[in-house]
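Colleague: Right, I'll just put the structure down here and ask away after.
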Amino acid sequence: MTIEIKPATRARFDDLATMLGPRNPTSNVCWCLSHRIDSRTNRGLEGTARGDYMRELTERDVAPGVLAYDDGEVVGWAAVAPRSELPFERSRLIPHVDDLPVWSIWCIKVRPGHRRKGISHALLAGAVEYAAAKGAPAVEGYPVDNKGQKVDLTMAFVGTRAVFERAGFTKAADTDAIAGGFPRILMRRSLA
């Protein structure tokens, strides 16, 4: 199996919708916006407006994330963006390690039927590579420190410490955030 990672551009919006959109287009689902935009804007986007917002993000110079493909079929998504554009910039739960203009990776999603095939590892590596190509000096993630215990699938999108360590990240700080009953930590990888 060869996994190919590509930026989530406008030309790939249908694949992005496969990964993030609802079956019913008018349903309210995250579209990976909950940690990308402020809470007021997030609450104001209902039904198809969420997909429309994400479509606009795919038209910018910096894609909102990367998509994973297995033999041409979209099988995964990872959100990556400059932390300065995200609510993490002002978070009281996730600290700043320093003043470096880091990028954040906060969501890794693999389609059902494709899990346990290394796709999350490929997505994380691809998100790091994309951030580096766009000039990021370092990338951060905020995974759970689950110490090998099972993480509920609804909260697994934040990743685990082991997945980030495999990708060359090291723990940079504790946080006050919790996901699925596990503490989240700040992991960082320098790209300099």
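The values are calculated or read from the model by the stated rules, or taken from the named source; none is laboratory data. This structure is a prediction, so every number in the text was calculated from the model and none was measured. For neighbour counting, all protein chains shown are included, and Cβ atoms are generated from backbone atoms with ideal geometry for every residue, glycine included. With ligands, DNA and RNA removed, areas are computed over all heavy atoms of the protein, side chains included. Shrake-Rupley method; radii C 1.70, N 1.55, O 1.52, S 1.80 Å.
Colleague: Out of all the residues in segment 109-126, which are among the hydrophobic types (A, V, I, L, M, F, W, C) and open to solvent by 30 Å² or more (accessible area, probe 1.4 Å)?
Modeller: 125, the sole residue that qualifies.
Colleague: Same structure again: Can you work out which of the residues in segment 148-178 that are in contact (Cβ under 8 Å) with a residue 12 or more places away in the chain and among the basic types (Lys, Arg) is farthest from residue 87 (Cα to Cα)?
Modeller: Among those residues, the one meeting the criterion is 166.
Colleague: Being open to solvent by 60 Å² or more (accessible area, probe 1.4 Å) and either of a type in the set (Ser, Thr, Tyr) or modelled with pLDDT of 95 or more (or both) is the filter here; which residues of segment 53-71 pass it?
Modeller: Answer for segment 53-71, where residues must be open to solvent by 60 Å² or more (accessible area, probe 1.4 Å) and either of a type in the set (Ser, Thr, Tyr) or modelled with pLDDT of 95 or more (or both): 53, 55, 56, 59, 60, 61.
Residues are listed down the side, and each one gets a yes or a no for (1) more than 14 Å from the chain's Cα centre (by Cα); (2) open to solvent by less than 10 Å² (accessible area, probe 1.4 Å); (3) among the polar types (S, T, N, Q); (4) within 14 Å of residue 106 (Cα to Cα):
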residue	(1), (2), (3), (4)
130	no, no, no, no
135	yes, no, no, no
147	yes, no, no, no
153	yes, no, no, no
157	no, no, no, yes
168	yes, no, no, no
171	yes, no, no, no
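Colleague: Among the residues that make up segment 14-36, is at least one of them in contact with an Asp or Glu (Cβ under 9 Å, 6 or more places away or on another chain), over 19 Å from residue 127 (Cα atoms) and not in a strand (DSSP E or B)?
Modeller: Checking segment 14-36: at least one residue is in contact with an Asp or Glu (Cβ under 9 Å, 6 or more places away or on another chain), over 19 Å from residue 127 (Cα atoms) and not in a strand (DSSP E or B).
Colleague: Related question: I'm trying to understand the selection: among the residues of segment 22-53, which are without any contact (Cβ under 8 Å) to a residue 40 or more places away in the chain and within 15 Å of the chain's Cα centre (by Cα)?
Modeller: Within segment 22-53, 30, 31, 33, 34 meet the criteria.
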